[in-house]
1. If I go through segment 105-144 residue by residue, how many of them are surrounded by 10 or more Cβ atoms within 10 Å (Cβ to Cβ), without any contact (Cβ under 8 Å) to a residue 40 or more places away in the chain and hydroxyl-bearing (Ser, Thr, Tyr)?
2. What's the total number of residues in segment 89-106 that are under 19 Å from Glu76 (Cα atoms) and not aliphatic (A, V, I, L, M)?
3. Would you pick out the residues in segment 145-155 that are aliphatic (A, V, I, L, M) and either touching a Gly at 6+ places or on another chain (Cβ under 6 Å) or surrounded by 10 or more Cβ atoms within 10 Å (Cβ to Cβ) (or both)?
4. So which residues in segment 74-97 are touching a helix residue (DSSP H, G or I) at 6+ places or on another chain (Cβ under 8 Å) and assigned to a loop (DSSP other than H, G, I, E, B)?
5. Looking at (1) in the same structural domain as Glu18 (by TED's automatic domain parsing); (2) in contact with a Pro (Cβ under 8 Å, 6 or more places away or on another chain), which is the one condition that is false for Val122?
6. Say we look at segment 107-125 and pick out the residues that are part of a loop (DSSP other than H, G, I, E, B) and of a type in the set (Ser, Thr, Tyr); which of these is nearest to Pro72 (Cα to Cα)?
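The values are calculated or read from the model by the stated rules, or taken from the named source; none is laboratory data. This structure is a prediction, so every number in the text was calculated from the model and none was measured. Glycine gets a Cβ as well: all are built from the backbone with ideal geometry, and neighbour counts include every protein chain shown.
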Amino acid sequence: MRYPQGDGLTAERQQFREESRLKTAERFALGEGSTAIARDLRISVRSVQRWRHAWAEGGTRTLRSHGPASLPRLSEKQFTQLEAELAKGQAAHGWEDRRWTPSRAKTVIGRRFHLTYTIQGVRKLSVRNSWSCQVPARRASERDDDAVAGWVKKVWPHPQG
């Protein structure tokens, strides 16, 4: 189960899940059936069956939590360095306009840390660290709406040739 604000289970929820698995191990040792265990603990029969198989293969230790499924590829120190690199601005990294895109952040990560991230990985990294999309608070004062409307009607429909 994934949550948008944390991209994973909370520590409390992980602890609860581990306790459920350990309770099933006790009941496996007593010879109870999967359906009864699932009903009493309010979990799926399939989960109980998977846990029973793991328990039969390696005992109770196999039902203990092994931590998060994946760890961040950038360490805390590297992430701090990445934030400093991004704070230098886009021009310092060779882009003329003032936009950070996931693709550009991916490029900076690759150049600075020699790590390959996907666009989706950069997005997850940004969500995990509470970054937000850059959206202008208001339109530029220099904007000429009449000129934009004229361009959209006259220039944009015609392909460049």
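1. 4
2. So the first thing to find is which residues in segment 89-106 are under 19 Å from Glu76 (Cα atoms), and the list is 105-106.
Filter again for not aliphatic (A, V, I, L, M), leaving 106.
The number of residues fulfilling the criteria is 1.
3. Correct list: Val148, Ala149, Val152.
4. The answer is Leu74, Gln90, Trp95.
5. Against the list (1) in the same structural domain as Glu18 (by TED's automatic domain parsing); (2) in contact with a Pro (Cβ under 8 Å, 6 or more places away or on another chain), Val122 comes up short only on (1).
6. In the first step, residues of segment 107-125 are kept if they are part of a loop (DSSP other than H, G, I, E, B); the result is 114-118.
In the following step, the residues that additionally are of a type in the set (Ser, Thr, Tyr) were identified as 116-118.
Values: Thr116: 13, Tyr117: 11, Thr118: 13 Å.
Of everything passing the filter in segment 107-125, Tyr117 is nearest to Pro72 (Cα to Cα).
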